[in-house]
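The values are calculated or read from the model by the stated rules, or taken from the named source; none is laboratory data. Just so we're clear, the structure is a prediction, and the values are computed from it rather than from any experiment. FYI the Cβ positions are ideal-geometry reconstructions off the backbone, even for glycines, and counts take in every protein chain you see. Only protein heavy atoms, including side chains, enter the accessible area calculation; ligands, DNA and RNA are left aside. Shrake-Rupley method; radii C 1.70, N 1.55, O 1.52, S 1.80 Å.
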Amino acid sequence: MVKPDDLGKIIDEHPFFQGIDDTLRALLVGCAANERYEAGQFLFREGQEAAKFYLVRAGTVAVEIDVPGKQPIVIETIGEGEVAGWSWIVEPYRSTFDARAIGLVRAISFDGKCLRKKMAADPALGYEVLRRFVPMMAHRLSSARLQMLDLYGPSAKPEKVKKAKVKAAGKTKGTNRSPAARLAKAAKKSKKDS
C-alpha cells in the first residue's frame, strides 16, 4: 500500500509530471490517491461523470468505444508511464470513452473537482496541468479518428477491420506515437488498399 507521504515521490517519478515544480507537486498530492484495478474492471465508463484521471504505474488499460451488439472497439492501450482520462478537465465533465483494465492495473488517481479548484486558485498549476494534458488529448482524439477511418473508410472490408483493431491496439501499447506519424501511416495504408 502506498502511503500518502510517498505519493509525491511517485508523482515525481511518473513521466507525465516529470520536472514539475515542488510547490505545484504539493498541490497535486492533495488531490491524489492510490488505486488498484483487477482485469476487466472499468476505471471509467463513457457518459459517466469524469471524476478522476489516472497516472498508470503498472499494467495496461484499454481505451474503448462501446458498440451496441458488437465487441468494444479498442482505440488505444495505455501502459505504465502514461495517463488515462482527460474528460475531467472539459465541461460537462463526462467521459467520452470507456477505460478497462486488461490485467492488474496500479495507478495514482486525481480527483477532478479538487484539482479544478486548485487550478482556478493557482494559475501556475492550471497552466502546468493544461500544458501536459492538451497534447495527450489531441493524441487520443486522433487515435479515435484513425480507428473510425479503419471502420468506415470506403476501402475497408469487414475482415480487414477486425485485424486492424487488434493490430492498432498491439502497436500502440505503452506508447504515444505522434499524430503526424499515424496520419502518414493511414494515408500510406489507404493508397495501398486502393
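Overview of results
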{"read-out": "The stretch 4-148 - accessible surface per residue (Å², probe 1.4 Å)", "value": "47"}
{"read-out": "Ordering of 55-62, 117-124 by packing [mean C-beta count within 10 Å, highest first]", "value": "55-62, 117-124"}
{"read-out": "Rounded to whole Å, sorted largest first: equivalent-ellipsoid semi-axes of the stretch 1-59, Cα gyration tensor", "value": "23, 14, 11"}
{"read-out": "³J(HN,Hα), Karplus 6.51/-1.76/1.60, whole Hz, each residue of the stretch 100-114, x for Gly, Pro", "value": "10, 5, 7, x, 4, 10, 10, 8, 9, 9, 10, 5, x, 4, 4"}
{"read-out": "Accessible heavy-atom area order of V134, V90, V129, highest first, probe of 1.4 Å", "value": "V134, V90, V129"}
{"read-out": "Within the stretch 15-88: Cβ-based charge dipole about Cα centre, in debye rounded to nearest 20 (Lys, Arg +1; Asp, Glu -1)", "value": "100"}
{"read-out": "K52 long-range amide H proximity, modeled H, under 5 Å", "value": "G112"}
{"read-out": "Whole-percent carbon and sulfur share, accessible surface of the stretch 4-148, 1.4 Å", "value": "53"}
